[in-house]
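The values are calculated or read from the model by the stated rules, or taken from the named source; none is laboratory data. Keep in mind it's a predicted model, so treat the numbers as computed, not measured. With ideal geometry, Cβ positions are generated from the backbone for all residues, glycine too; neighbour counts draw on all protein chains shown.
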Protein chains: 2
Amino acid sequence: MTTSTRDGRNGAATLEQVAKVAGVSRATVSRVVNGSPKVSDDIRRAVEAAVAELGYVPNRAARSLVTRRSDSIGVVIAEPSGRLFTDPFFPRVLRGISAYLSSRDLQLVLLMPAAGETHRTADYLTAGHVDGALLVSLHDDDPLPGRIAEAGIPMVVSPRPRRPLAASYVDVDNAGGAHSAVAHLVGNGRRVVATIAGPQDMAPGVDRLTGYREALRDARLPSEPDLEAVADFTQEGGAVAMERLLKARPDIDAVFAASDQMAAGALSVLAASGRRVPEDVAIVGFDDSAVATTTSPALTSVRQPVEEMGEEMARLLVAAVERSDPAPRRVILATQLIRRASSAGRRVP
Amino acid sequence: MTTSTRDGRNGAATLEQVAKVAGVSRATVSRVVNGSPKVSDDIRRAVEAAVAELGYVPNRAARSLVTRRSDSIGVVIAEPSGRLFTDPFFPRVLRGISAYLSSRDLQLVLLMPAAGETHRTADYLTAGHVDGALLVSLHDDDPLPGRIAEAGIPMVVSPRPRRPLAASYVDVDNAGGAHSAVAHLVGNGRRVVATIAGPQDMAPGVDRLTGYREALRDARLPSEPDLEAVADFTQEGGAVAMERLLKARPDIDAVFAASDQMAAGALSVLAASGRRVPEDVAIVGFDDSAVATTTSPALTSVRQPVEEMGEEMARLLVAAVERSDPAPRRVILATQLIRRASSAGRRVP
């Protein structure tokens, strides 16, 4: 740990030296420094005198006034906690972030603001407790990026923000991935291809829907409103959307779901309706998460390198913290279609 | 937000007033205060002069030197991230903690140190970034409580620490809950009752095993080493333990598993071995988590009030932060046996 004097010079005084000059134990110095009430006034004064004499800045809050570093990075996931703990996307992205921060000996601090609590989270992030912020699963209406930008705190976001934002971001080729999924379904002879789209207030929801429509256009198939249902990336949402689609269009022979969780929900509804997958209806998900190999049948899915996204976000942020005023970077990672049983070619009777 | 002058008096100067005196925008003041490089030296000097004139303490790091409060609480879960995201215990306890902290307008800051990273987490917790710490799922050999105690930071832990620790804790009646589960199995006519115990380096693992043994003793049944297998609270661990138990004792007619996750793993192994539940083998879990109602058959389980544990931990900690030197409290919450199909009485042929 670096110690610093109040005027900004780096000093060599350590907690041990303060303890020696004050004639107390290291633990007692810690207690005084952290404001513990279990210390007598005499001892407190002796420690404070030693601190003043040695120029030791007693805690990280004080040190951060000088170095402006907390050696910590805030990660904000503003999703309902249900989704945080049920969608395997989040552990994966956290694993990537955590791997990079650990390699740099930086502390990961996770903040999960509920709806309406963004203001308090912004206070924390802009108060010197972290050196920078990673905003994961950013929605369009989130006021947090604006607050952080205003305060001049380095920040990296994901997915691609849909409003102008002077910050680096990391995302995958959402439109391209969706396009490859739908082109694959059409190539296997499917002609009534529906989609379960993600939330339309964030890039992955919007861009995957765009990719679906473009692939239909490229195949000279019409985009039809009753072949599109929007859900919230969850399994329950996917099931409800699938029910709605089947009611409007019982002739559907393929579905592109914008997440594996939604595809899993759709699979259960297809089974309950007596449709065979892939014989009657083919389905493709997005994520290639663990769920894709545990569904029955196993799920064809658009693989996105989630751990790598997390690592890349952390790498960009640490670079921004260390160099002053780096130009924002936009990193788009490629996707890959992983073929499994759920979209195998239609059997000819 | 309260503002304070450097000598500790509460001042009325706001960011807006600083902006007005300096003749710049609120955003520019934020940038200067947070050390952004995107500000000219002239503007920086003007803002610093205004700050000096008004006695405005520009950020929370500075303010915390005066108030020694960050209005934030650190929650530490030192489990492999796999378990954090697969065991429903953690979202539930976090929900309880979060509900109470939100009601007090305090920021929850989640720290998930990997093995070997406890030292960095201790640095963060003792550096003024949080007002207190909640340690969830504490294992015996964790050095964190010692570091936090030494620094005089208020702390509440769960489960019951098995070493002397001058801190409040919240736990459930683990031994009593296990006893009720085993007494129920014996009462239904089971005579060869095995247990899948939890980790033996933390109170829930040890105390639930103790409760199992005491219930057998009370029923005048012998405790036998080959009826006991220790696992790690996970589904995979429960499956491996069940395989071991069946190999050693094919005559087992009941199992008490110290977590629902382990019980779910055991159920799959029992099914694979051709044993019917509950006809051939009855099983009881612990937690009464969502998994208990989704297994086949539904799982009898010892309910522990997990959300309430989280709330109680947060309540005790905030009280300790607000009052100086409160006596540590030990809160033990009761458990309740919830009966479902997995332990129904043995059918008489």
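Here's the yes/no breakdown for (1) in contact (Cβ under 8 Å) with a residue 24 or more places away in the chain; (2) assigned to a loop (DSSP other than H, G, I, E, B); (3) within 30 Å of A:Met262 (Cα to Cα); (4) more than 8 Å from chain B (Cβ to nearest Cβ):
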{"position": "A:Ser70", "(1), (2), (3), (4)": "yes, yes, no, no"}
{"position": "A:Ile73", "(1), (2), (3), (4)": "yes, no, no, yes"}
{"position": "A:Val76", "(1), (2), (3), (4)": "yes, no, yes, yes"}
{"position": "A:Pro91", "(1), (2), (3), (4)": "no, no, yes, no"}
{"position": "A:Arg95", "(1), (2), (3), (4)": "yes, no, yes, no"}
{"position": "A:Ser102", "(1), (2), (3), (4)": "no, no, no, no"}
{"position": "A:Asp105", "(1), (2), (3), (4)": "yes, yes, no, no"}
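Taken together, the residues in region A:177-213 that are under 23 Å from the mean Cα position of the chain (by Cα), surrounded by fewer than 17 Cβ atoms within 10 Å (Cβ to Cβ) and not in a loop (DSSP other than H, G, I, E, B) amount to 1. On inspection, A:Gln235 qualifies as touching a residue at least 60 places away in the same chain (Cβ under 8 Å), of a type in the set (S, T, N, Q) and touching a helix residue (DSSP H, G or I) at 6+ places or on another chain (Cβ under 6 Å). When region A:139-154 is filtered for residues that are of a type in the set (A, V, I, L, M) and either modelled with pLDDT under 90 or out of contact with any helix residue (DSSP H, G or I) (no Cβ under 8 Å at 6 or more places or on another chain) (or both), the ones remaining, listed by number, are A:Ala149, A:Ala151. Being without any contact (Cβ under 8 Å) to a residue 40 or more places away in the chain, crowded, with 20+ Cβ neighbours inside 10 Å and within 30 Å of B:Glu48 (Cβ to Cβ) is the requirement here; does A:Ala167 meet it? So A:Ala167 does not fit the description; no. Every condition in (1) buried (at least 23 other Cβ atoms within 10 Å of the Cβ); (2) within 24 Å of the chain's Cα centre (by Cα); (3) farther than 17 Å from A:Val306 by Cα; (4) not β-branched (Val, Ile, Thr) is met by A:Arg147 except one, and the failing one is (1).
Of the listed requirements (1) more than 10 Å from chain B (Cβ to nearest Cβ); (2) crowded, with 18+ Cβ neighbours inside 10 Å; (3) within 18 Å of A:Arg147 (Cβ to Cβ); (4) modelled with pLDDT under 90, A:Ala133 misses just one: (4). Only a single item in (1) touching a Ser or Thr at 6+ places or on another chain (Cβ under 7 Å); (2) of a type outside the set (Gly, Ala, Ser); (3) surrounded by 24 or more Cβ atoms within 10 Å (Cβ to Cβ) is not met by A:Leu317, and it is number (1). Annotation note: Cβ proximity below 6 Å between a residue of region A:147-159 that is more than 10 Å from chain B (Cβ to nearest Cβ) and more than 29 Å from A:Asp173 (Cβ to Cβ) and a residue that is aromatic (Phe, Trp, Tyr) and buried (at least 23 other Cβ atoms within 10 Å of the Cβ) (sequence gap 6+ or interchain) occurs for no pair. Scanning region A:149-166 for residues that are small (Gly, Ala, Ser) and closer than 15 Å to A:Ile332 by Cβ turns up just one, A:Ser158.
Tallying residues that are β-branched (Val, Ile, Thr) and away from chain A (no Cβ under 14 Å) within region B:292-328 yields 5. Considering (1) modelled with pLDDT of 90 or more; (2) more than 9 Å from chain A (Cβ to nearest Cβ); (3) touching a Pro at 6+ places or on another chain (Cβ under 7 Å), the lone condition that B:Thr118 does not fulfil carries the number (1).
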